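Here the structure comes first, spelled out in structure tokens, and everything after it is commentary.
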Amino acid sequence: MTATPPCDATYLRATADFVRDHDTAALLPLLLPGLDRAELRSLAEHCRFAHAALLLLPPDEETLRTQLASCDLDFDADPRPSVVVRRRLAERHGRDEAELDVTILRPSVPGAPKERTVEIFALTVPPGSDLAELAAHEREHRHESHLAFEVQHPDPLALRGLCALLARHGAAPDGGGYNPHEDATVLYFTAPADSRTGYRRVELHAGGDHPGVLADHLGSTGADREHRSAETLLHLLTGAWTTQALAVSVRLGLPDALDTRTATDAPALAHTLGADPQSLGTLLRYLTMLTVVTEHHDGYRLTGLGTLLRADTPGTMRALALMYGGPFYRSFAALEHTVRTGEAAFDHLFGENHFLHFARDPELASLFDQSMAASARMFDPVPAHPAFTAAAEAPRPGTVVDIAGGNGELLGRLLTAHPRLHGVLLERPHAVEAARTRLDALGCGDRSSYVTGDFADVPAGADVYVLSRVLHDWDDARCAEILRHCARAMPAHADLLIIERVLPSDASTSLATAWDLHMMANTGGRERRADHYARLLADAGLHLLDDATPLPLGATVLHARRTTSPLPHPAQAPEATQPA
């Protein structure tokens, strides 16, 4: 049985005592027992023992302050953001770096020279947080605990010499990086097997940016570089396996059959799911690698990440897994056809565009609408947009039109946040019925109206119009037509809000770049840059305001208004309050 790891406060005290009791001359022979006198002297001249480090995971800042005070350590008044440890945690646990707010504190230790400190990486884990499993794992394994030596007067030649000396005595490179918040480069090593310090990792901390030394340390030369590149490419090539593993787990009902607290062994799970025990065991090991489940001595548990695949989880992403592992997975297999011909792979594979295809299959249409709602967390900040606030606070209660609003997820949020607003949803018949049910359940039914129709049926006379994840479905010609329908319907004072993933203006990493490929293959649409949207809007008699609002999941709210008098309308649109 694994011993229970010490609590944070106990481990912090032990770390502070270690810093107090050891200096450079005493510590180096313990760390590298094979050093001869000349090597010991050279190391001592070039670097000094700077700190011992640990990761603390308090529930809140007050607890962290209390833990520090109990060890006679002062709370660092100027904590700095972590870059390297945050990245290591994200990679180890399959998390988004943006979710991990890791800070660095370096309190001095009473009784030790001022330049020797405890280095604390602090990540707040509130009670009930989905980081609880990460915290339990880190407390048990202490991956980030290490000893650090400050390199005196670092230069590339000295740093390479120190790295070579450590490697000669059994210390193996173990990552590193450059932290721009401190203007310092860190080089991590695993300690030699015969080290007697009790720490498994050691760090060289060098002021300044040393990209060449860091690249060499991370294995970017010769055969190491080729091996590293091949491994990276292999991970990329097997991405489709991950999509199918997640989709199959959902189709089997595996996330719904597992619990986050009580483990279930593989044979019992196979019996429940009607699966082959050996094959299910292989799938479970892969899902463990993806951190969707964790393996324990008595079976498997679902992780916080895995709960997003359960049917009963608020904001579940189950439908997305089924779509990406189902129809869209099949269409991506025909991506070459799209790239060669410009025709959407979905149309080529299924013989019709995906909107018509889904409309012929009510079950698939419902799944698609659910998959759209699965990304609804991007809508969290939307109700606070000034356009909705202004409409809600106007003397006459304002009206919001959600064009192609799906099952009413966004409109429900808007009406719930602003009790004086009236909402109109324009959609296909099956989606209108789903939205009616949802908005009634939210208590917004008496302030909701429905229009069954197409983009030509955009109701006139409203205060705010919303196009959420609509324009990226279409080519420029169809987008221009949709925007002209909006412009004709909009009064002079009305606002148009467009929610899309906007392509960056440079080569920076963006979810929009991935979705651009997805839209091209599946709808014939595309993601666009802000200046591209500005041109489309201008052609429709609208202008893009300079107040874009970023949203979660890589989305953006673009804000437009009319610049011209209303365009001629080919037919009278239904009134904003006309029910379907």
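I'd like the distance separating the alpha-carbon centroids of region 102-137 and region 140-202, in whole Å.
19 Å
Ignoring ligands, DNA and RNA, what percent of the accessible area of region 235-318 is carbon or sulfur (1.4 Å)? Please list the in-between numbers first.
Numbers: 2640 of 4470 Å².
Reported share for carbon and sulfur atoms: 59 percent.
Residues of region 234-349: accessible area per residue at 1.4 Å, in Å²? Can you show the working numbers first?
Numbers: 6100 Å² over 116 residues.
Heavy-atom accessible area per residue stands at 53 Å².
Which one, Leu73, Pro110, Ser371, projects farthest toward the positive side of the charge dipole computed for the chain from Cβ point charges (K/R +1, D/E -1)?
It is Ser371.
Accessible area per residue, 1.4 Å probe, Å², for region 500-542: what's the number?
On the way: 1910 Å² over 43 residues.
That works out to 44 Å² per residue.
Given +1 on the Cβ of Lys and Arg, -1 on the Cβ of Asp and Glu, and no further charges, what dipole in debye does region 410-480 carry about its Cα centre, rounded to the nearest 20?
Details: 8 positive and 10 negative charges, 67 e Å.
The dipole magnitude comes to about 320 debye.
About its Cα centre, what dipole magnitude does the chain give when the only charges are +1 on Lys and Arg Cβ and -1 on Asp and Glu Cβ, stated in debye to the nearest 20?
Details: 52 positive and 77 negative charges, 42 e Å.
I would put it at about 200 debye.
What number comes out for accessible area per residue over region 56-142 if the probe is 1.4 Å? Units Å², please.
Details: 4100 Å² over 87 residues.
Accessible area per residue, region 56-142: 47 Å².
In deg cm²/dmol, rounded to 500, what helix-only [θ] at 222 nm does the chain give when every DSSP H run of at least 4 residues adds -39500 (n - 2.57) and the total is split over its residues? Write out the running numbers ahead of the final one.
Working: 25 runs with 247 residues, N = 580.
Calculated mean residue ellipticity at 222 nm is -12500 deg cm²/dmol.
Quick one: which of 190-199, 448-457 comes out on top by average Cβ neighbours within 10 Å, and what's the full order, highest first?
Details: 190-199: 16.0, 448-457: 18.4.
By packing density, highest mean first, the sequence is 448-457, 190-199.
Could you give the distance between the Cα centres of region 476-506 and region 279-343, to the whole Å?
33 Å
With a point put 7 Å past each Cα toward its Cβ, work out how far Tyr286 is from Arg20 in nm, to one decimal.
The two pseudo-label positions are separated by 5.3 nm.
Of the listed values [x] 17, 41, 32, 10, 0; [y] 20, 54, 24, 2, 0; [z] 15, 28, 20, 16, 12, 7, 2, 0, identify the label whose number matches P(r) over Cα pairs in 20 Å bins from 0, in percent calculated from this model.
Only one listed value fits the structure, namely [x].
So if each residue of separation counts as 0.36 nm, and I subtract the Cα-Cα distance between Ala456 and Ala538, what length gain in nm does that give?
Working: separation 82, 0.36 × 82 = 29.52 nm, distance 1.90 nm.
Value of the extension gain: 27.6 nm.
If R₀ is 30 angstrom, what is the calculated FRET efficiency for the pair Asp380 and Thr513, using the beta carbon separation as r and rounding to 0.05? Walk me through the numbers on the way to the answer.
Working: r = 23 Å, r/R0 = 0.77.
Efficiency for this residue pair is about 0.85.
Projecting each Cα onto the charge dipole of the chain (Lys/Arg +1, Asp/Glu -1 at the beta carbon, about the Cα centre), which of Pro126, Pro173, Phe455 comes out farthest on the positive side?
After comparing all options, I get Phe455.
Quick one: what does P(r) look like for region 385-522 with 5 Å bins over all Cα pairs, in whole %?
Result returned by the calculation: 2, 10, 19, 20, 19, 14, 9, 5, 1, 0.
The values are calculated or read from the model by the stated rules, or taken from the named source; none is laboratory data. This one's a predicted model, so the numbers in the text were calculated from it and none came from an experiment. A quick note on method: Cβ atoms are made from the backbone with ideal geometry, for glycine too, and the neighbour counts reach across all protein chains shown. Note: accessible area is taken over every heavy atom of the protein model, side chains too, but ligands, DNA and RNA are not part of it. Shrake-Rupley method; radii C 1.70, N 1.55, O 1.52, S 1.80 Å.
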